[in-house]
Structures are given as C-alpha cells and as structure tokens.
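The values are calculated or read from the model by the stated rules, or taken from the named source; none is laboratory data. Worth saying up front: this structure is predicted, and the values here are computed from it rather than measured. Please note: Cβ atoms are built from the backbone with ideal geometry, for glycine as well, and neighbour counts cover all protein chains shown. The protein model used for the area step is the full one, side chains on, heavy atoms only, and it has no ligands, DNA or RNA in it. Shrake-Rupley method; radii C 1.70, N 1.55, O 1.52, S 1.80 Å.
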Amino acid sequence: MATNIPMNLKYTKDHEWALVEGDIVTVGITDFAQSALGDIVFLEVPEKGTHLNAGSTFGVVESIKSVSDLYSPVTGEVVEKNSQLEASPEKINSEAYEAWLIKVKVKDASETNNLLTAEQYTEFCNTSH
Amino acid sequence: MTNKTHLFDEHVKLGAKIVPFAGWDMPVQYTSVKEEVLAVRQNVGVFDVSHMGEFFVEGAEAEAFVDYLVTNDILNAPMGKAIYSPLCRDNGTVIDDLIVYKLQKNRILICVNASNIEKDFNWMKSKLSNFSCTLTNASDSYSLLALQGPKAYEILKKFLNELPDMEYYSVFETAYFQSPVIVARTGYTGEDGFEIFANHSTIKSLWEKFMASNVTPCGLAARDVLRLEVCYPLYGHELNDELNPYDAGLGWTVKTLKPNFVGKQALLSKASAFKTIKLVLEKGIPRDGYSVLNSKNELIGTIASGTMSVVLNKGVALARIKIDQYPEDEIFQVDIRQKLYSAQLTKKPFVTGGHK
C-alpha cells in the first residue's frame, strides 16, 4: 500500500502521528491508518483540560463499518481539540496530516524521543501489514 | 485453510481488501464503502457472492418436499417464482433463511447462506426419506454474481442470449454462448437487480464483461450497509439458532394454513420472545451487540445490526427487544461507550429501494 509518511513527524505503532513543537504536541492519525479504516464518519476526542497518558486510549474514530480506539503518543494535558474536524471527520481521509485531532501540552518533552521516526514507522508499516 | 472464489485473483488485481468470512477469503471493499453503496443505489454494482450455497431438489415430489421443509408457501407459488423463507427445526427455531427458485415442476434451486451450507444440507437430507426426489449440494460447481442497481437490466441483457424484463422475485433459465445460466431478479440491496448462477468460467467471463462496462465492483461491507438500509435480516444477527421467525419480524413468511411443514406445531403455539425494531440515531453510530435501554435507563434489548447509513448519513440499527419489556412510550436509548444516545423508532425501512 502506497502511503505518505512525512519526515518531520513522529509516529506510534498504533498509527498516530505527532508533531513536536517545544512542549506542545499535535496529534493525528496517519495516512496508512485512514486508508486502512476507509470512509471515516465519526470522531470523538477529549475536551480541553483532559489528562492523557502515553499509550492509553483518548478517543474513538469510526468508519462506516468499524470502530477504532485512538492512543495518545504522549503524557500531558489536552490544550485544544479540533472541533471543526468532529463536524467533518471525512477530512481525515482526504488530508490525514492536516486533520489534527488534539494538541497536548507535555510534562516532559524528552518523552517524544521514544516515538518512532519516519524511517522506523515506514519499516513498521512494511513489515507488520 | 480458507476457500477462495474463482474470482479471487480478480479481486486482488482490483485492489480489494480481503477478509475471512464464513470460511472464505472475500473482498470486503474495493475503493470506498460509501462509493460502492451509492453505485448500487444510483447506478449499478456487482458482488461476487460465490461463497453462497446452491442445492438442487429434483424429482416428482421436489415441490412437495421443499414446501414441507420451509415455512413459506412453495406449492401455490407459480412456476418461475422465487420465494424467500426461513428453514426451521421442529421446535420452530431458525436453521437458516434462504431463497427457493421454482425452475421447473421437478427441479428446484435453493440458495443458502455460506456459513450454513453443511448444517442446512444435513438437515434437509434427514427429512428426505418420505419423498420421491433427490437433494444435491451443487455449491462447488456454481459461482454466483449479484448485479444490483437501477441499470442492472440494461447491462445484463447485453450479454445474455435472452433476458426478458422479468418480474421481481422471478427466475429464468437462459444461456451465455453455450453455457446455461440461471438468472433471478432477486438481491440483497433493495434495488432492482439480478442474481446470476452459472459455472465458474461463465461467471468469470461475465465479471470481465461487467468490469469492461464500468460496473462498480462492490464488497461485503457495502452489501451489509445496503441490506441494513432496507432492513433485510442477516443470519447470525437478526436470525440465529435460538430464535423463531416471529422474533425477527418474519411472521409473514410462516404460512400456518399449509397442511404440514417442519416446525408447524411449534410455530402455531409459539409466541415470540422478542420484537425486532428499527432505530435511527441523530448522533452516534449503533453497532452489533450494543445495549438498548428504555426511558428509565433499564436494559431492554440489544442491537442485532447497526451501521452508519450512507444514504441517510445517520446511525441506523435493527434492535431485538424483549417482548415483555417493550416500552409503552416507545422511547429508546442506545449505550455507546457508556454514553446514552437517543434513538428514534421508525416503522418503515430506513431507505426505500428502487426494486420493481
């Protein structure tokens, strides 16, 4: 499967992407994930102020025929959610890396070093699916 | 070890996502479920449903035997008719739901669900001894395509030697070059369309013709959305080994005036334990197995099938409610991830198909 994996982002094995800018991490789901899910029709993400733990579920994305949990790449507090995207979740299909879900203020920015690089994620997608 | 239909390589070439279903590797979607659903509603799509089972009943008492096996009326239906029916045990529970095709007086085709082929065949065989006819499982010799959508007739008649403008739920024996083809104006989408039974090479050739005519290949996901939008039951969801036809709202298929059929005594005295209802959600998508609650937040039933409707762009579901807990106010809620969503009861199917 041809898939777009930008070099400037970090990734999880659950197919979330993370854009790290200082202590703010913007989170979305990857092109690989949106393609596997198909037509996305429903999105549920946490409100501002919600505390998240790295690796734990923080929301749900649904396609016509499936329900998938979202996993937080980092530990921290939600400072913003993409409310517009909840109203038009199909944008995740058309522009996976523009369609961010939440912004998280992390306690410890060094935690993001544990995430996969673009090379590592590419390798992961090629070997595990 | 899973089975593959004779079109498996074609599906892979088209980029289909393949999933295991009822022991078969089947295409679940090609491009987009939404596009595939809309192709069938507005234009024409084709499904490879070769995993389904085909039985032939042949001989002097073929009609009488099938009429005895199933709950719906086979004897009084005219020749060339297709009849949907549950197949029940003596205690009235449903073994499968199937379509009976009256090809000739002494020759009947029965199409059954893939997951139930062996169960159905063994059951039917066990009831055969008093009838002068044979029962053959021809599933391995037949492939099956469902060509569905408003343009289905226009496309299909181009390729078959002869195809009259048949009535809905009728069957016709024709040919593709020298090969026999059984064509039925039936389907599982609510739209006009045909189910086409033939040998593997004929079906492969027809599939190629359909692809060259811009017919949209459609997968099992679209098929499930389409059938649920028009509220057709699916075995394993609305029907199963523990339920009787009344539980699934299929009372219209039980002809208790017939002199005798398997399950008649049980079904005459049996009340239904459940009511199967149609729910529409303004917000949230109901899924199979989710709980249904009344206005007092008490558990009263389960979602049997649920999805996002492509046509309505809303969550829709068939729900099974315990009959003794059916609420007078007809107010329903669905529990989606520990949150309660209001669900509107509707009496009519969510979508009106365009079939004849």
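A few remarks follow.
- Those strands (runs of 3 or more DSSP E) lying entirely in region B:1-107 with at least 1 residues open to solvent by 10 Å² or more (accessible area, probe 1.4 Å) and not polar (S, T, N, Q): B:17-21, B:24-29, B:53-58, B:82-88, B:94-104
- Among the candidates B:Lys278, B:Lys283, residue that is closer than 30 Å to B:Ser170 by Cα and either over 21 Å from the mean Cα position of the chain (by Cα) or among the basic types (Lys, Arg) (or both): B:Lys278
- Entry remark, region B:306-356: residues being of a type in the set (Val, Ile, Thr) and under 16 Å from B:Leu228 (Cα atoms) number 7 in total.
- Residues being assigned to a strand (DSSP E or B) and of a type in the set (Ser, Thr, Tyr) - total across region A:24-35: 1
- Residue pairs meeting the criteria (Cβ under 6 Å; at least 6 apart or on separate chains; first at the interface with chain B (Cβ under 7 Å from one of its Cβ atoms), in region A:59-71; second in a loop (DSSP other than H, G, I, E, B)): A:Glu62/B:Ile285; A:Ile64/A:Asp39
- Candidates B:Val351, B:Val316, B:Val311, B:Val292 - the one that is β-branched (Val, Ile, Thr), touching a residue at least 24 places away in the same chain (Cβ under 8 Å) and over 26 Å from B:Glu35 (Cβ atoms): B:Val292
Yes or no, residue by residue, for (1) of a type in the set (Gly, Ala, Ser); (2) within 14 Å of another protein chain (Cβ to nearest Cβ); (3) under 20 Å from the mean Cα position of the chain (by Cα):
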| residue | (1), (2), (3) |
| --- | --- |
| B:Ala16 | yes, yes, no |
| B:Pro27 | no, yes, yes |
| B:Tyr30 | no, yes, no |
| B:Glu36 | no, yes, yes |
| B:Ala82 | yes, no, yes |
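- Residues of region A:72-96 that are surrounded by 17 or more Cβ atoms within 10 Å (Cβ to Cβ), within 12 Å of chain B (Cβ to nearest Cβ) and touching a Leu at 6+ places or on another chain (Cβ under 6 Å): A:Pro89 alone.
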